[in-house]
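*Asks:* If you scroll down you'll find the structure; I have some questions about it.
The values are calculated or read from the model by the stated rules, or taken from the named source; none is laboratory data. If you're wondering where the values come from, they're calculated on a predicted model, not measured in any experiment. Cβ coordinates were reconstructed from backbone atoms using ideal geometry, including for glycine residues, and neighbour counts include every protein chain displayed.
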Amino acid sequence: MARLRDEGVKTAAEMYARMALIRNFEQAAYRAYERNELEGTIHASIGQEAVAVGVAAALEEGDKMLSHHRGHGHALAKGVNPRRLMAELFGRADGVCGGKGGSMHVADVRCGFLGSLAVVGSSIPLAVGVALAARRAGEDAVCVVFFGDGGVNQGVLYEALNLAGIWKLGVVFVCENNAYAITTPAKKVTAGEGVLERAQAFGCGALRVDGQDVEEVAGATRTLVAEARAGQPALLECLTYRFLGHSRSDPPHGHYRTREELERWQGRDPLVVLAHNAGLDAEECVRLDAEARAQVHEAIEFARASPPPTPEELAKDVWGDE
Amino acid sequence: MSDTMFAQAIRCALEDAMAQDESIVLLGQDIAAGFPFGATRELAEVFGAERVRDTPISEAATMGCGIGAAMMGLRTVVEVDFAGFLLLGLDQLVNNAAKLRYMSGGQLRVPLVVRVGQGPFGAFAAQHSQAQHAWLASVPGLALAAPSDAQDAYTLLRWALRQSDPVVFAEDMRLYRTKGPLVREEGGQRGDGTPRARVLRPGRDATVLCFGFGAMLALSAAQVLATEGVELEIVDLRLLSPLDEQTIGESSRHTGRVLCLGEDPLLGGITATLAATVDRVAHGALVGRLGARHWPTPFGSSELLVYPSANSLAAAVRQLIAWPDVQQAPVANGDFQIANTP
């Protein structure tokens, strides 16, 4: 039975369960894509689950999140219903966005998941505005915005760091550094030390963590969220790795990454790392995995059964119609 | 009552709307000082620096911030002084403001107003002076308003500030210092109908479809043409998206000869859309177009060579009138060259 209302993730078992949900969801979506059940393209976050879940675990109800083209994990971590998320990937009327957004444009406002945007870096300044609105409303909610190592060289990141800094707004900038922007190694295209040092130049509290360790991600995020609530924008850099290619068009290794490198990172699978560090016993992990698999199976069935949006629905929500 | 400058009418609309609606926040460069045209002068003193926020020179982040805040319940007005600078914010405007409502299946609304200067002004040359109406009108999810006088600037801006979706407010910079009567009427309620085009001057011989500064040119050309026995009907479109096709059709069928006047070049310009619209809603009417030369705006008073003037408009209308009637000898509809001299 899918959860109707998300209660958040705090304990190690809950974090494991949520990461397992993301893992299974991405695998199932990928298989559906390979069967041509999904159109468009798909960017799976397998390998990066600890970043999404660790960050979300540090947030309170009312905090907001913005994401990018590889956003399914963020959405699930923030509590988006997997059935409605899968239906969105299938482009169906019961998707969270009525099937009009698709894999790269997921939003579920009731969960505080305000949207995934596919132009690299373009969701970043929105977070500044979201935090400004929270301030005007007298709330201390923060807005987390994810971007990748590719987004690190978009100028709008630095405009946004500056704006959040001068206006002392509650934004937590999270760089999900998976080391490659499609095929381009981050080191090859990034001058200086990295985004952490750049953020420090804007007066941001900034931390760099092992993005495969969900507890470390959650701990660092809690520290930075507390700063952001007090009006100090902050940046978190999570060192992570995607276990699949950028999208279906590139293989996991062999083209721009070596098998050895991939296997080294696979040895730091975030689910295994958490199970080990938190002492979750194997039996419990198997049970949580099975629950996640069942939940995702149900999500796939739900998505398949949902109709595509009608032409009337597709014509709605352009401008001005109520 | 003395007349009010166009820029001051914009300021009045902002002031009256902000007094009624606490959620309105202004973002832009030098807006607390009201630089450069006075459209926001002293609003910071009235409403405070939290609501009238001077920004760094960061158009992309400012636009994005305005969008994010609007998504979450504020109503934001982003000011971009010159057309050329809008391009830095265009990713945010086109990819996010215009599409978020649609992409989210209606969950998100973006009540953003972008005030942006258009057209040539002050001999500032190619980057400050340009017209972008066709680009902006072609984006699904944006409305495009182009007021033509002080009262219309006030009325259309009050309307824009009641919408739940983004409106680009194109202010022809040549109008800022023009004066006209202004009544600061009560803002209507949400759900007011979309503003209709208006017939600024009734006529029988030909129609000019125009907007913004073009309406002023048309009024001036109409006076000259009247002395020659030509009665020009002037339709001020007010909005370029959505278009009031009903009013366009009525006037076009009434006169049978239609001149589409724009500030951008003919290739891909707004006049192409207007001409095609006339052909569809008033098939058989003769249609001509007058727009800018296909040049970047040159420095100095040479800019006058590029944009339509009252003289070139009057000349174009004379040619349109001289065309034989469709029933007698169908002719190809045509484009007119600007005959301006510096």
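*Asks:* For segment A:97-115: of the residues being among the aliphatic types (A, V, I, L, M) and within 7 Å of another protein chain (Cβ to nearest Cβ), which is nearest to A:Lys168 (Cα to Cα)?
*Replies:* Here the residue is A:Leu114.
*Asks:* Just for segment B:131-187: of the residues that are assigned to a loop (DSSP other than H, G, I, E, B) and acidic (Asp, Glu), which one is modelled with the lowest pLDDT?
*Replies:* Among them, the one singled out is B:Glu186.
*Asks:* May I pose another question? Is it fair to say A:Ala93 is touching a Ser or Thr at 6+ places or on another chain (Cβ under 7 Å) and facing chain B (nearest Cβ under 10 Å)?
*Replies:* Yes: the conditions hold for A:Ala93.
*Asks:* Then there is this: Yes or no: segment B:123-135 includes at least one residue that is polar (S, T, N, Q), within 14 Å of another protein chain (Cβ to nearest Cβ) and within 30 Å of A:Leu117 (Cα to Cα).
*Replies:* No: zero hits.
*Asks:* Please go through segment A:119-149 and pick out each residue that is surrounded by fewer than 24 Cβ atoms within 10 Å (Cβ to Cβ) and of a type in the set (Ser, Thr, Tyr).
*Replies:* A:Ser122
*Asks:* If the Cβ limit is 8 Å and pairs must be 6+ apart or interchain, which residue in segment B:15-27 that is at the interface with chain A (Cβ under 9 Å from one of its Cβ atoms) and of a type in the set (A, V, I, L, M, F, W, C) pairs with which residue that is part of a helix (DSSP H, G or I) and surrounded by fewer than 20 Cβ atoms within 10 Å (Cβ to Cβ)?
*Replies:* Final answer for the pair search is B:Val25/A:Arg136.
*Asks:* What is the residue count in segment B:1-18 for residues that are aliphatic (A, V, I, L, M) and either at pLDDT below 95 or more than 18 Å from B:Ala153 (Cα to Cα) (or both)?
*Replies:* Residues that pass the stated criteria total 1.
*Asks:* Can you tell me which residue within segment A:26-51, out of those that are under 16 Å from the mean Cα position of the chain (by Cα) and assigned to a loop (DSSP other than H, G, I, E, B), is nearest to A:Ile182 (Cα to Cα)?
*Replies:* A:His43
*Asks:* A follow-up question, please. Taking helices (runs of 4 or more DSSP H) that do not extend beyond segment A:252-308, which have at least 2 residues that are touching a Gly at 6+ places or on another chain (Cβ under 9 Å) and not aliphatic (A, V, I, L, M)?
*Replies:* The qualifying helices (runs of 4 or more DSSP H) are A:259-266.
*Asks:* OK, next. Name every residue in segment A:165-193 that is more than 13 Å from every other protein chain (Cβ to nearest Cβ), over 20 Å from A:Thr258 (Cβ atoms) and crowded, with 19+ Cβ neighbours inside 10 Å, in order of residue number.
*Replies:* Hits for segment A:165-193 are A:Val172, A:Val174, A:Cys175, A:Glu176.
*Asks:* Further question on the same structure: Inside segment A:61-80, can you point out the residues that are closer than 18 Å to A:Thr11 by Cα, outside any helix (DSSP H, G or I) and modelled with pLDDT of 95 or more?
*Replies:* Answer for segment A:61-80, where residues must be closer than 18 Å to A:Thr11 by Cα, outside any helix (DSSP H, G or I) and modelled with pLDDT of 95 or more: just A:Gly79.
*Asks:* Go through the residues of segment A:91-114 one by one and say whether even a single one is buried (at least 22 other Cβ atoms within 10 Å of the Cβ), hydrophobic (A, V, I, L, M, F, W, C), without any contact (Cβ under 8 Å) to a residue 12 or more places away in the chain and part of a loop (DSSP other than H, G, I, E, B).
*Replies:* Yes, segment A:91-114 contains at least one residue that is buried (at least 22 other Cβ atoms within 10 Å of the Cβ), hydrophobic (A, V, I, L, M, F, W, C), without any contact (Cβ under 8 Å) to a residue 12 or more places away in the chain and part of a loop (DSSP other than H, G, I, E, B).
*Asks:* Given the criterion under 30 Å from B:Trp295 (Cα atoms) and touching a Pro at 6+ places or on another chain (Cβ under 8 Å), identify the matching residue among B:Gly117, B:Gly141.
*Replies:* Exactly one of B:Gly117, B:Gly141 is under 30 Å from B:Trp295 (Cα atoms) and touching a Pro at 6+ places or on another chain (Cβ under 8 Å), namely B:Gly141.
Listed here are the residues, each with its yes/no results for (1) within 14 Å of the chain's Cα centre (by Cα); (2) within 7 Å of chain B (Cβ to nearest Cβ).
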site: A:Leu117; (1), (2): yes, yes
site: A:Val120; (1), (2): yes, no
site: A:Val128; (1), (2): no, yes
site: A:Arg135; (1), (2): no, no
site: A:Gly148; (1), (2): yes, no
site: A:Leu163; (1), (2): no, yes
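*Asks:* Yes or no: A:Pro252 surrounded by fewer than 19 Cβ atoms within 10 Å (Cβ to Cβ) and in contact with a Phe, Trp or Tyr (Cβ under 7 Å, 6 or more places away or on another chain)?
*Replies:* The answer is yes for A:Pro252.
*Asks:* I'm trying to understand the selection: among the residues of segment A:298-322, which are within 14 Å of chain B (Cβ to nearest Cβ) and farther than 30 Å from B:Leu136 by Cα?
*Replies:* A:Ser306, A:Pro308
*Asks:* Moving on to the next point. Considering each of A:Val217, A:Val225, A:Val174, A:Val156 in turn, give the residue that is within 30 Å of A:His276 (Cα to Cα) and touching a Gly at 6+ places or on another chain (Cβ under 6 Å).
*Replies:* The match here is A:Val217.
*Asks:* Among the listed residues B:Leu259, B:Leu266, B:Leu240, which satisfies the condition of being over 16 Å from B:Ala316 (Cβ atoms) and either touching a residue at least 40 places away in the same chain (Cβ under 8 Å) or crowded, with 22+ Cβ neighbours inside 10 Å (or both)?
*Replies:* B:Leu240
*Asks:* Given A:Leu244, A:Leu235, which one is touching a helix residue (DSSP H, G or I) at 6+ places or on another chain (Cβ under 6 Å) and either under 20 Å from A:Cys175 (Cα atoms) or touching a residue at least 60 places away in the same chain (Cβ under 8 Å) (or both)?
*Replies:* Answer to the selection: A:Leu235.
*Asks:* Determine whether segment A:252-262 contains at least one residue that is touching a helix residue (DSSP H, G or I) at 6+ places or on another chain (Cβ under 8 Å) and closer than 28 Å to A:Arg83 by Cα.
*Replies:* Checked segment A:252-262: at least one residue is touching a helix residue (DSSP H, G or I) at 6+ places or on another chain (Cβ under 8 Å) and closer than 28 Å to A:Arg83 by Cα.
*Asks:* Which of the residues that make up segment A:187-225 are of a type in the set (Lys, Arg) and within 19 Å of the chain's Cα centre (by Cα)?
*Replies:* A:Arg208, A:Arg222
*Asks:* Among the residues of segment A:115-133, which ones are hydrophobic (A, V, I, L, M, F, W, C) and in a loop (DSSP other than H, G, I, E, B)?
*Replies:* Of everything in segment A:115-133, those that are hydrophobic (A, V, I, L, M, F, W, C) and in a loop (DSSP other than H, G, I, E, B) turn out to be A:Leu117, A:Ala118, A:Val119, A:Val120.
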